[in-house]
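Inspection log for the structure reproduced underneath, given as C-alpha cells.
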Amino acid sequence: MRILERWLKKYVRYAIPADQLAERLTMLGLEFESVERLDEKYHGFIVGEVKTVSRHPHADRLTVCDVSTGKGTLQIVCGAPNVAVGQKVVVGLVGATIPKNQHDPDGPPFVLTETAIRGIASEGMICSEFELGMGKDAAGIMVLDADARPGQSLASYFDLDDVAFDIEITPNRPDWLSHIGVAREIAALTGKPAQLPTPKVREGRESIRSRLSVTVLDAKACPRFAARMVSGVRVGPSPRWLQNALRNAGLRPRNNIVDITNYVMYECGHPLHAFDHALLRGHRIIVRRAKTGTWFTTLDGKDHELPAGAVMVCDGEREVSVAGIMGGANSEIGDSTTDVVLEAAYWNPSDIRKTAKALGISSDASQRFERGADPNGVRYALDRAAALVHELAGGTILRGTIDVYPKRIRERLVPIRVSRTNAVLGTDLSKGEVTKALTSLGMQRVSAEGDRLRFCVPTFRVDIGREIDLIEEVARIHGYDAIKTTTTATVNFVHQFPASSFGDALRSFLIGQGYQEAITNSMQTEIRSSLGGATPVRILNPQNQEMGTLRTGLVPGLMETVARNLNLGSNDLRLFELGHVFRVDESSAPKLVENFLEEERVCLVLTGLVGPVHWSGTSRKADLFDLKGDVQDLLAKFGLDKSRFISYSTTNGLTDDTLALEIQGSYAGYLGKVRKEILRQFGVEEVVYVVELSVAALQQGTPRPFVPLPRYPKVRRDVAFTIDANVPAERIEETIRATGGELLQGVILFDVYEGNPLPPGKKSVAFSLELMSLEKTLTEEEIEAAVSRVVAGVQTTHGAALRGTQ
C-alpha cells in the first residue's frame, strides 16, 4: 500500500519527520518497505511553453522547437508527432536524470546532456509520461493544463513535494489499506485526534427509488448492499489535485467519476463501483450467484468463464460486475454518461477470495474485500463519493439511499483483565493505562468490574475477537521497547547437548552422497495422488482442484521437480525428499484420525549421468544398480544388517524392474525404474530411477560398535559355480555366508554368464570370498577348509557344480 504524507496530514496533524514516523510506526506493527521523497527524482524538470515548431532540416520525423522556460528560451529537437505551438510541456534540463528510456524500456535511467541531433543543437528534452515514469504512453509528449506556468518546477506542478511510504500490509489488518486507517495509528501514536472529513450530501427532490431498485438474493454472500444515484453529471478529466493524489499513490487517473471512487477507496479503505444508469437494463440491480458456463467481459477487456457460484451484480437481464472484484465493460462510465449509480457493499470475504483465485484476478477491491472490509463503513464511503461527484462533476444527488442490510453486523464486546495483561506482558500497568491505550485506537470501554474491563471493538478491526488480541494492542501502544526483559537464560556446559534427530542424520548422509533435497507440496490432484494405487485422503475445503487430496507417496511430487529441472536444461539429477504421506487405510494399524494413516518416508530420485563429463574417461548413464548401491550404503550407515532385496515379477503402479526392500522381516519400501506411462504424464523423456522407503523402518538399526583396524591380512579366494538359470544369485550368497563360518568377512558377486559353452538353462556365477582372522595369520589349511565348506554348502543346497577356484 502506497501512503502519502500530505494525504495523511489531512486527517491528523503531526510534525514527526518522515524517517522517524516510519520507524515509530514500525514499532506499532506496520512494515515499511521504503520511504520515498517524490521530488528527488524530478530535479531539473520544469514547465515549458512551446513558442515555435519547425521541421528539422536533416530529418523528416524530427522538429526543432523554441521552448520558453520563464527565464529564457531553449532550442530543443523533438521527435514526438503531437508537439504544437502554445502547448505547456515538461522540459528536462541538461543534467536532469530521465527515469525511463523509451528506446530501452528496461534499461537504467540516463543523464541528459547538451548534444547535437542530426547537426542541430538540442539544449534539453520535451518528455513523455513514459519517460517521466508517470504512465505508459510513449507515443507523444505529455501536454499539461493551460494554466501551468513556464518555469514552474515539475515537483510543484504535480504536488511532488511529498513523501510516499510503501507499507507491506499483513492479511489481518485490512484497515491499514487506507490513509484513514494509517492516520488512526498516527493519532494513537501522537495522542492527537484524527479528524475525518464529513461528507456534505445535498440531495434533490427526486427519490432514488423512482429510478432504481435493488434486490439481494443471497444475503450470506452479500450481507449489505447500498446505492446512491447522481443525475446530470459531466464526465471529464479530474481536477489537478485529484489526478496528482492518485498518480502519486500509484494509480492512473481516468475520469472524474472513476477517480473519485478510487480516491475514496484509498482514503477510507472501502471499495466502490460506479455504473452508468442508462446501461442498467430495467434500471434494476440484482445480486445473485453466477450460473455454470457464464462468460463475462471485465473492465480490462478480458473474457472470463465465471466459476459456478461466483457472486455477481446483475441488472434486469445480465451480469454487470464481478462482485467485489471488477466491474463489467457493459456498464462502465463513459464520456456520454449523465446518470451515475454508486455502489458500496460488504461482501463475504471467503466468496471474494474463492472467485478472485478462480478467475486469476487480484484487484485493489478484491485485496480489501477478501481480507474483510468494514460493513458499517458502507454509508460513509457512499456519502463521501456522492458528495465529491456533486462537487467535481456537477449533477443532482437523488434523495435517499437504497441500503439493503437485513441483519446488522454489530461491534464485538471483548473482555480484558488488567492482571492477565500484566502477567502476559511482564508489565505493571494500571486500569487507566490499559483503558487509555485501547481508547486511543478507537475502542470504547463499556464496563469495568474490578479487574475486568469490557471494550466495544469497531467493525473495521476484523482482527480483534479475544482477550489476547486486546493485550497485543496494549503492548503495541505501550511500546514493545518499553517492556522490560525480566527473564534470563543460562547455558550449562556440563551436560551434553541432545543428539540430532534421525531426520537430520538422514539428510546429512544423503547430501554427503551427492543428493540434493527437494520439498514438494503435500496437496495434489486426485489423479496424481492415486498413481501409486493407494486411496488418497480428500481435503474437505481445498483451495483449488490442483490441491484437492493429500499425497499418498513422494514420487509424483519429485517427478514434477524432475520435469521442471529437465525443462531448464539440468539433466543429471540426484534428488531426495523427506516428508509425510497419507492414505485411507482400513487395517488395524494404529492411527491418529479415523481410518487415515500418516507415515514418514524418504524418496530418492536418480537420472542422467553417474558423474560429470571428464576428459580422462567416458561418462555413463545411471542405472538401477547405482541406486541400489546407494540404498545399501544407507542401510550400512544406520546398522541395518538384517535386510534383503526381493525381486517383483509385476509392477507396483509406478515402477518396472521393481525390487522390494525387507528390513528385519518387514516390508520397508521399493526401488525401480519409473514406468514409461508415468514418465509421459509428467512430460519426461529420460529414464528415471526411484526408491521410496519408510523412515520408521530405517530407524530400526543398531549403532555399529567400534572395531579397530585388523592387524592380520585378508585372503581372497574366487569360486565359480554352474547352476540352474532360475536360481537367484542372492540365494547362493546367503548360502555362502551361512557356511563360511567366522573367517568369512565378505562376499562379492563379480561375474554372471549365460551362453556357450554352458548348456541351455544353466548359468555361471562367480563370487569373491574375503577370509580373515582377527587373532592370527591364516594358514593354507584353514583357508582351504573354509572354501571347501562353502563349496559343499552351495553344491548341496542348490545342486550347483563347481567350475573352479582361484
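The values are calculated or read from the model by the stated rules, or taken from the named source; none is laboratory data. Keep in mind the model is a prediction, meaning the values are calculated, not measured. Counting neighbours? That spans all protein chains shown, and the Cβs are built from the backbone with ideal geometry, glycine included. Protein only, heavy atoms only, side chains kept; ligands, DNA and RNA dropped before computing areas. Shrake-Rupley method; radii C 1.70, N 1.55, O 1.52, S 1.80 Å.
A few points about this structure:
- In the stretch 88-107, the residue that is least open to solvent (accessible area, probe 1.4 Å) out of those that are of a type in the set (D, E, K, R) and part of a loop (DSSP other than H, G, I, E, B) is Lys100.
- Filter result (of a type in the set (Lys, Arg) and open to solvent by less than 40 Å² (accessible area, probe 1.4 Å)) within the stretch 472-495: Arg476
- From Gly608, Gly569, residue being surrounded by 13 or more Cβ atoms within 10 Å (Cβ to Cβ) and on the phi > 0 side of the Ramachandran plot: Gly608
- Criterion (under 60 Å from the mean Cα position of the chain (by Cα), among the charged types (D, E, K, R) and open to solvent by 40 Å² or more (accessible area, probe 1.4 Å)) met by exactly one of Arg737, Arg717, Arg789: Arg737
- In the stretch 413-430, the residues that are buried (at least 16 other Cβ atoms within 10 Å of the Cβ) and either in contact with a Phe, Trp or Tyr (Cβ under 6 Å, 6 or more places away or on another chain) or of a type outside the set (Val, Ile, Thr) (or both): Val414, Arg417, Arg420, Asn422, Leu425, Leu429
- Any hit, the stretch 338-356, residues being free of Cβ contacts under 8 Å to residues at least 40 places away in the same chain, under 24 Å from Pro237 (Cβ atoms) and small (Gly, Ala, Ser): no
- Scan of the stretch 48-87 for residues that are in contact (Cβ under 8 Å) with a residue 40 or more places away in the chain, open to solvent by 50 Å² or more (accessible area, probe 1.4 Å) and assigned to a loop (DSSP other than H, G, I, E, B), ordered by number: Pro57, His58, Gly70, Lys71, Pro81, Asn82
- Within the stretch 400-411, the set of residues being of a type outside the set (S, T, N, Q) and either crowded, with 16+ Cβ neighbours inside 10 Å or under 17 Å from Ile285 (Cα atoms) (or both) comprises Gly400, Ile402, Asp403, Val404, Tyr405, Pro406, Glu411.
- Condition check for Gly316: closer than 21 Å to Val462 by Cα and in a loop (DSSP other than H, G, I, E, B): no
- Scanning the stretch 259-295 for residues that are more than 30 Å from Arg173 (Cα to Cα), part of a strand (DSSP E or B) and open to solvent by 10 Å² or more (accessible area, probe 1.4 Å) gives Asp276, Arg284, Ile286, Trp295.
- Residues of the stretch 51-81 that are of a type outside the set (Lys, Arg) and more than 19 Å from Pro150 (Cα to Cα): Ser54, His56, Pro57, His58, Ala59, Asp60, Leu62, Thr63, Gly79, Ala80, Pro81.
- Subset of the stretch 443-471 (residues that are out of contact with any strand residue (DSSP E or B) (no Cβ under 9 Å at 6 or more places or on another chain) and either touching a residue at least 60 places away in the same chain (Cβ under 8 Å) or surrounded by 16 or more Cβ atoms within 10 Å (Cβ to Cβ) (or both)): Phe460, Val462, Asp463
- Of all residues in the stretch 343-379, those being under 25 Å from Asp259 (Cβ atoms) and not in a helix (DSSP H, G or I) number 12.
- Across the stretch 338-383, the qualifying residues are those that are under 21 Å from Leu251 (Cα atoms) and of a type in the set (Asp, Glu), and the one among them that is surrounded by the most Cβ atoms within 10 Å (Cβ to Cβ) is Glu343.
- Residue in the stretch 679-689 that is out of contact with any Ser or Thr (no Cβ under 9 Å at 6 or more places or on another chain), within 22 Å of Thr607 (Cβ to Cβ), aliphatic (A, V, I, L, M) and surrounded by 18 or more Cβ atoms within 10 Å (Cβ to Cβ) present: yes
- Any hit, the stretch 207-223, residues being within 29 Å of Asp39 (Cβ to Cβ) and open to solvent by 20 Å² or more (accessible area, probe 1.4 Å): no
- Top-ranked residue of the stretch 696-710 - restricted to ones that are of a type outside the set (Val, Ile, Thr) and free of Cβ contacts under 8 Å to residues at least 40 places away in the same chain, ranked as most open to solvent (accessible area, probe 1.4 Å): Phe706
- Pairing residues of the stretch 772-783 that are closer than 12 Å to Gln745 by Cα with residues that are outside any loop (DSSP other than H, G, I, E, B), at Cβ distances under 7 Å and at least 6 apart in sequence or on separate chains, gives Met772/Val715; Met772/Gln745.
- Cβ pairs under 6 Å, 6+ apart, first in the stretch 27-47 and within 25 Å of Glu129 (Cβ to Cβ), second open to solvent by 30 Å² or more (accessible area, probe 1.4 Å) and among the hydrophobic types (A, V, I, L, M, F, W, C): Gly44/Leu93
- Selection count where residues are within 30 Å of Ile352 (Cβ to Cβ) and in contact (Cβ under 8 Å) with a residue 60 or more places away in the chain, scope the stretch 523-550: 2
- Meets criteria (in a helix (DSSP H, G or I) and over 35 Å from the mean Cα position of the chain (by Cα)) for Val446: no
- Total residues in the stretch 738-769, condition in a helix (DSSP H, G or I) and either within 19 Å of Gly804 (Cα to Cα) or in contact (Cβ under 8 Å) with a residue 60 or more places away in the chain (or both): 1
- Residue pairs whose Cβ atoms lie under 8 Å apart, sitting 6 or more positions apart in sequence or on different chains, and linking a residue in the stretch 312-334 that is without any contact (Cβ under 8 Å) to a residue 60 or more places away in the chain and acidic (Asp, Glu) to a partner that is open to solvent by 30 Å² or more (accessible area, probe 1.4 Å) and in a loop (DSSP other than H, G, I, E, B), are Glu332/Leu299.
- Test for Phe638: is it touching an Asp or Glu at 6+ places or on another chain (Cβ under 9 Å), open to solvent by less than 40 Å² (accessible area, probe 1.4 Å) and not β-branched (Val, Ile, Thr): no
Table: residues versus (1) hydroxyl-bearing (Ser, Thr, Tyr); (2) open to solvent by less than 10 Å² (accessible area, probe 1.4 Å); (3) within 28 Å of Leu438 (Cβ to Cβ).
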residue: Met1; (1), (2), (3): no, no, yes
residue: Tyr14; (1), (2), (3): yes, no, yes
residue: Asp19; (1), (2), (3): no, no, no
residue: Met27; (1), (2), (3): no, no, yes
residue: Glu33; (1), (2), (3): no, no, no
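- Taking the stretch 148-221 and the strands (runs of 3 or more DSSP E) fully enclosed by it, the elements with 3 or more residues that are under 28 Å from the mean Cα position of the chain (by Cα) are at 163-168.
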